[in-house]
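**Q** Here's a structure for you.
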Amino acid sequence: MPLNLSVRIDPHSGFCFGVIYAIQMAEDILDEQGYLYCLGDIVHNDEEVERLEKRGLRIIGYDTLAGLRSEKVLIRAHGEPPSTYQMALQNDLTLIDASCPVVLKLQNRIKTSYDRKDRIFIYGKHGHAEVQGLLGQTRGDAVVFENLDELLRHELPANITLYSQTTKSTDSFYRIKGELESRGYQVSANDTICRQVSNRDQELRRFAADYDQVVFVSGTKSSNGKVLYQACKDTNPNTHFISKVEELNAAWFQPGQTVGICGATSTPMWLMEDVRDALLRL
């Protein structure tokens, strides 16, 4: 018996402008030459990476990059440290730089701070591609931390210069700043969180509240996806995380329920549309 679900996709979900830009650049070159190297996953979504690989995108790591000569290589939206650009010069590589403008601006600000001899602390995820690019601006001297407990385990200077990975939670960033100040530290806080991401947090909370069930679609590697999924789950406990259509479970739904579909800034609209179509077939 069909479930007759009423399904709607969140109009604000889908790729952020940085990811749209990177993918358009990749597709243009794939149309021209049939293949393109990309340093790391172009986006933290396996389904979208697979789609582009079928068109000729070749995902490589630093080991492969070191052996390439006279090729085009895409720099994804997350950005890269200065060492990548130096290697490109040495190896006669043409970099197709799709670094997000928000990330590039942050890299420049951190480089300026570092040149001023500020003690820099970055609220971000260890090993994340964007964070590696930020660390590179300080020759690895900045301290990266994922939460307040981890930060407080360091011997902190009286004056702290605080930055954030662009996809972190604004609320968490300001909570950390407030806690440091309450402990007597002087904090120069640089709110470098992308507003397209932070605004989506509030938009998603409003969206999730309107439905009986919510299906959140995201790649498992997406930091932004984890944050936004939690925002939905906090608002609507009937929120289900999936990374592909096959993970949908009919047992989650009752006949006639309303279902909202939403996703991370790295979730392609075509994937959410596939999820919608699958739900309508239940």
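The values are calculated or read from the model by the stated rules, or taken from the named source; none is laboratory data. Since this is a predicted model, take the numbers as computed values, not measurements. Cβ coordinates were reconstructed from backbone atoms using ideal geometry, including for glycine residues, and neighbour counts include every protein chain displayed. Side chains included, ligands, DNA and RNA excluded: accessible areas come from the protein's heavy atoms. Shrake-Rupley method; radii C 1.70, N 1.55, O 1.52, S 1.80 Å.
**Q** Residue check, ASP63 against (1) in contact (Cβ under 8 Å) with a residue 24 or more places away in the chain; (2) charged (D, E, K, R); (3) within 28 Å of LYS105 (Cα to Cα), all met but one. Which one?
**A** (1)
**Q** Moving on to the next point. Residues being closer than 30 Å to GLU27 by Cβ and open to solvent by 10 Å² or more (accessible area, probe 1.4 Å): count how many of those fall in region 95-134.
**A** Of the residues in that region, 15 qualify.
**Q** If the Cβ limit is 6 Å and pairs must be 6+ apart or interchain, which residue in region 157-186 that is of a type in the set (Lys, Arg) pairs with which residue that is crowded, with 21+ Cβ neighbours inside 10 Å and part of a loop (DSSP other than H, G, I, E, B)?
**A** Filtered contacts from region 157-186: LYS168/ILE193.
**Q** Among what's in region 10-50 and is closer than 11 Å to SER266 by Cα and free of Cβ contacts under 8 Å to residues at least 24 places away in the same chain, pick the residue that is surrounded by the most Cβ atoms within 10 Å (Cβ to Cβ).
**A** The extreme case among them is VAL49.
**Q** Moving on to the next point. Among residues belonging to region 51-94 that are over 23 Å from ASP141 (Cβ atoms) and small (Gly, Ala, Ser), point out the one that is surrounded by the most Cβ atoms within 10 Å (Cβ to Cβ).
**A** ALA77
**Q** Six or more apart or on different chains, Cβ under 7 Å: which pairs go from a residue in region 96-119 that's in contact (Cβ under 8 Å) with a residue 40 or more places away in the chain to one that's part of a helix (DSSP H, G or I) and open to solvent by 90 Å² or more (accessible area, probe 1.4 Å)? Could you list them?
**A** From residues that are in contact (Cβ under 8 Å) with a residue 40 or more places away in the chain, the pairs are ALA98/TYR21.
**Q** Among the listed residues GLY124, GLY140, GLY136, identify the single one that is under 14 Å from the mean Cα position of the chain (by Cα) and within 19 Å of PRO82 (Cβ to Cβ).
**A** From the options GLY124, GLY140, GLY136, the qualifying one is GLY124.
**Q** What's the total number of residues in region 138-148 that are open to solvent by less than 20 Å² (accessible area, probe 1.4 Å) and not β-branched (Val, Ile, Thr)?
**A** 2
**Q** Filter region 251-267 down to residues that are farther than 15 Å from ASP277 by Cα and among the polar types (S, T, N, Q) and give me whichever is surrounded by the most Cβ atoms within 10 Å (Cβ to Cβ).
**A** Result: THR267.
**Q** Continuing with the same structure: Working only within region 163-193, note down all residues that are surrounded by fewer than 17 Cβ atoms within 10 Å (Cβ to Cβ), among the hydroxyl-bearing types (Ser, Thr, Tyr) and modelled with pLDDT of 95 or more.
**A** Correct list: TYR174, SER182, TYR185, SER188.
**Q** Is it the case, given these coordinates, that VAL7 is in contact with a Lys or Arg (Cβ under 6 Å, 6 or more places away or on another chain), crowded, with 18+ Cβ neighbours inside 10 Å and either at pLDDT 95 or above or hydrophobic (A, V, I, L, M, F, W, C) (or both)?
**A** So VAL7 passes the test.
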